[in-house]
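Shown next, in structure tokens, is the structure this report addresses.
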Amino acid sequence: YMERLLSTYDDQALPNTPGSFGDVFEQIANFLSNIENPAERTKRSFQSAKVMAAFLSGSGSSTPAGATIQAQLESDLVQSASRLANQKNAIAKRLEASRAGT
């Protein structure tokens, strides 16, 4: 699935348009936010960041630039996926409360 999302990346895409880095990043973060267990979500974020860093650096994350990209992506993915997961949980709780009539 990650490879399919990454294949939509277009380095010529304008910011905030389909295929832009931000668009692909948000799709991956959204996918990761569906993982309910925070530890598993973090683990998958790290794995995803490694794939993304290798893809973006073109030479894998064994280079200093690749390692730096990977570290930043790990942090950003964990934060973004957790934020999205919290938003989804809050919406689900509000829906449950409204259905219950409270």
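The values are calculated or read from the model by the stated rules, or taken from the named source; none is laboratory data. Owing to the predicted nature of the structure, the values given are computational and were not obtained by experimental measurement. Glycine gets a Cβ as well: all are built from the backbone with ideal geometry, and neighbour counts include every protein chain shown. Side chains are part of the model used for accessible areas, which takes the heavy atoms of the whole protein and leaves out ligands, DNA and RNA. Shrake-Rupley method; radii C 1.70, N 1.55, O 1.52, S 1.80 Å.
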The helix 21-33 Cα axis meets the longest alpha-carbon principal axis of the chain at an angle in degrees, between 0 and 90 and rounded to 10, of 50
How many angstrom separate the Cα center of region 88-102 from the Cα center of region 1-78? 31
Can you give the calculated 222 nm mean residue ellipticity of the chain, where each DSSP H run of n ≥ 4 adds -39,500 (n - 2.57) and the sum is split over every residue, rounded to the nearest 500 deg cm²/dmol? -25500 deg cm²/dmol
Report, in debye and to the nearest 20, how large the dipole of the chain comes out about its Cα centre when Lys and Arg carry +1 and Asp and Glu carry -1 on their Cβ. 480
Just to confirm, what accessible area per residue do you get for the chain at 1.4 Å probe, in whole Å²? 64
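May I ask for the net charge around ALA85, where only other residues with Cβ less than 10 Å from the Cβ of ALA85 are counted and Lys, Arg are +1 while Asp, Glu are -1?
With Lys, Arg at +1 and Asp, Glu at -1, the net is +2.
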With point charges of +1 on the Cβ of Lys and Arg and -1 on the Cβ of Asp and Glu, referenced to the Cα centre of region 1-48, which listed residue (LEU32, SER20, LEU5) lies farthest in the positive direction of the dipole? LEU32
Measure nothing fancy, just the Cα-based angle from helix 64-100's long axis to the longest principal axis of the chain, in degrees from 0 to 90, nearest 10. 10
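Could you work out the relative contact order of the chain? I mean the mean sequence separation of Cα pairs under 8 Å and 6+ apart, divided by the number of residues, in percent.
Value for the chain: 23 percent.
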Hey, for a label at ASN37 modelled as a point 7 Å past Cα toward Cβ, could you say which residues of region 68-83 have their backbone N under 12 Å away? none
Give the carbon-plus-sulfur fraction of the accessible surface of the chain in %, rounded to a whole number; probe 1.4 Å, heavy atoms of protein chains only. 54
